[in-house]
C-alpha cells in the first residue's frame, strides 16, 4: 500500500501542489510525517466534546474522503498555539469617537493576529469635514481610518503565517460614498481590504426611476450648523430601528450607481452587497441586523458574529466519471454532509476565540458554514457543460441535497444536545429559507428544535481545493485546463507552480494525454459572464448564508455589459456580486499560459 504522502484520501496519486500546500500551511513540524498524521490530529481534537471515543475515528475517516474543514481548523486544531479555528468574523460596531475607533482597531488586530479574517462596517464614522457635536473636531472620514486599519494589517502580515484578510463595507447613502468607491483605483491603496458597498432596495428603486437620492448621516452625531434640513428617517448601522438623519446632499441615483459599477469594471472593486435582501433572508432576522460580511463575502454576519467553514469535495461523489454511466452519489453526499455538520458543531466547543464577545455570539447562534468545492470538476466528470441549463439543474440538486441533509443533522443534534440558545422557534420558522424547507423538516424544527442558526455557506475554498488534489475552487468554473499558480511562502519569495485541473488530469489518465479535452470542457476564457450569475442564482435558494463567487470579465467586455450584470444580479435575487476584469492589476494568483490573471480574492 502506498504511503499517504503519495496518495490522496481517495487513493489517487497526491499531486505535488497538494503536498506543497500541506507542507506550507498545515503540517506540524516535528510531529507529522504524513497528511494522515495531520488528519488524525485534527479529528482527535475536534472530537473532544464527544462522549463516545469512536467519533474521533469517524471524523478521521471523514477528512479528505469527501470533506475538508477550513484552513484555520486544519492548521490549528490539536496544536498548542493560541489561535482560533474560525476563519470568519465581523467586528463590532465602530463607535464614532477616538476611543471607539482605536478600540475597534485593537479588536481587529487581535482577531487578525490569531488567524481570523475580519469584516467591518465603517458607516458609523462621520463624513469628511463634519464636526462632532461633543468636541467640535472636524472628521477626516471613514476612508482615512481605513488606511489606519490597512497599515495595521500589513504590519501584522510581516509577523504572521498567513496573509491578513479584511472586508470593509459602507452604506450607499453615506456622504463619503464617492471617496470610498474610488479608494482603490490606481492600485496599491488599501491593499489589505476587499471593499463592498451596502446597496439598499430604496437605492435600487431610485436608480430604476432615475430619481435623486439623499446622502445622509445620523443627526445626533453632527454638530449644530451642519447640513440640517430636511431630516429623513433611516435604519442605520448600530441602531435598533430608524433614526433621524440629516440630509448632507442629494445625488442622481443612476449616476452614483454607474460610478460604483464603473469602478468595479475598471479595477474589480468595490463589490456590492444587497443588504436588504441579506437581512430579509436572514434566519435570525428577529435578533440582529447585518451590514457586513467576512472578507470573501460568503458569510453575512452581525456585530461580533463568527462562523467556521468546511467544504464537501464534490468530485469524490462521482461514480464512473467520463463514461455514459457516470452518476452522482446523492446518498453518500447526504451522509457525508450530516457527519460534517456534527464535526463543525464540535469545532465551536473546542475553538479559542480572540474576543469574549465573539465567543458569546458564536455560542448563542452556533452558525456553521458548510459548503461545496469542486463543482465544475464534478459537472465535467458527469459530462455536463458548466454553462448549460442541465448543469445548473444538477448543481441545484446537489446543493439541495446538502441543505436538507444539513438541516436534518442539525435537528438530530438538537434532540441530542439542545437547540442553539438564541432560537425562537416561531420566528425562526418564519424566515424565508426555513419556510421553504420540506414540511417534515419544519415540523421537526418546531417539535425538536435545531442546533444551529445557520448551516450553509459556499466559500472560495481555494487552498482547500489544492489540498484535495487541485479540484476547481468552490462553485467557480474551471479557470484553465493548465495554468500557473502563485503560492505564498513563509520563508522566501512566492513560488509559481505549473498545475493541471483535477478533472482534466483524471480524464487524461483515463483516455490518454492525446485524447483532447472532454466534450463538456469549458473554462472562464470561453464562457459568457452571464453564465456565472446563472449558476450562482441556481444555488442561492439552497444556501442560508451566501456564496462567494467572482464573475470573470473577458477581454473586450464593455461597461454596458457589466452594468447589465450588476442589475441582473439584483433582479435574480443574489445577495451580492463581485467582478474581476481582464488584466486587472490586483490579486494575480492564477496565471494562464498567456500570463492573464484571475481573481486573487476568490482564489485564496
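Bear in mind that the values in this text are calculations on the coordinates, not laboratory data. Just so we're clear, the structure is a prediction, and the values are computed from it rather than from any experiment. Ideal geometry is used to build each Cβ from the backbone, glycine not excepted, and the neighbour counts take in all protein chains shown.
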>> Can you divide the C-alpha Rg of the chain by 2.2 N^0.38 Å and report the result to two decimal places?
In response: 0.93
> So what's the angle, to the nearest 10 degrees on a 0 to 90 scale, between helix 502-511 and the longest Cα principal axis of the chain?
Replying inline: 30
> Which whole-number percentage describes the relative contact order of the stretch 207-266, with Cα contacts under 8 Å and a sequence gap of 6 or more?
Replying inline: 43
> Counting alpha carbon pairs within less than 8 Å and at least 6 residues apart, what relative contact order, in whole percent, applies to the chain?
Replying inline: 15
>> For the chain, take the longest principal axis of its alpha carbons; what is the angle in degrees between that and the long axis of helix 559-571, to the nearest 10 within 0 to 90?
In response: 80
>> Taking only the Cα atoms of the stretch 272-338, how large is their convex hull per residue, in Å³?
In response: 156
> Would you list 51, 525, 410 from fewest to most Cβ contacts within 10 Å?
Replying inline: 51, 525, 410
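When 486, 278 are ordered from fewest to most other Cβ atoms inside 10 Å of their Cβ, what list results?
With the fewest neighbours first, 486, 278 line up as 486, 278.
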>> So for the stretch 88-292, averaging the separation of alpha carbon pairs under 8 Å that are six or more residues apart and normalising by length, what relative contact order in percent results?
In response: 21
> Could you work out the helix-only [θ] at 222 nm for the chain, with each DSSP H run of four or more residues adding -39,500 (n - 2.57) and the total divided by the number of residues, to the nearest 500 deg cm²/dmol?
Replying inline: -11000 deg cm²/dmol
> Which value in nm describes the separation of the simple spin-label points at residue 349 and residue 393, placed 7 Å from the Cα toward the beta carbon?
Replying inline: 4.3
> Going by the alpha-carbon gyration tensor, a ≥ b ≥ c the square roots of its eigenvalues, is the stretch 53-135 rounded (a/c under 1.5) or, if a/c is not under 1.5, prolate (a/b greater than b/c) versus oblate?
Replying inline: prolate
>> Under 37 °C and 0.692 mPa s, how fast does the stretch 96-182 diffuse according to Stokes-Einstein, given a Kirkwood radius computed over C-alpha pairs? Answer in µm²/s, whole number.
In response: 239
>> I need the Kirkwood Rh of the stretch 88-292: take the reciprocal of the average 1/r across all distinct C-alpha pairs and report it in angstrom.
In response: 17.6
>> Output the 0 to 90 degree angle, nearest 10, between the alpha-carbon long axis of helix 330-350 and the longest principal axis computed from the alpha carbons of the chain.
In response: 60
>> Please rank 448, 519, 346, 544, fewest neighbouring Cβ atoms within 10 Å first, as an exposure proxy.
In response: 519, 448, 346, 544
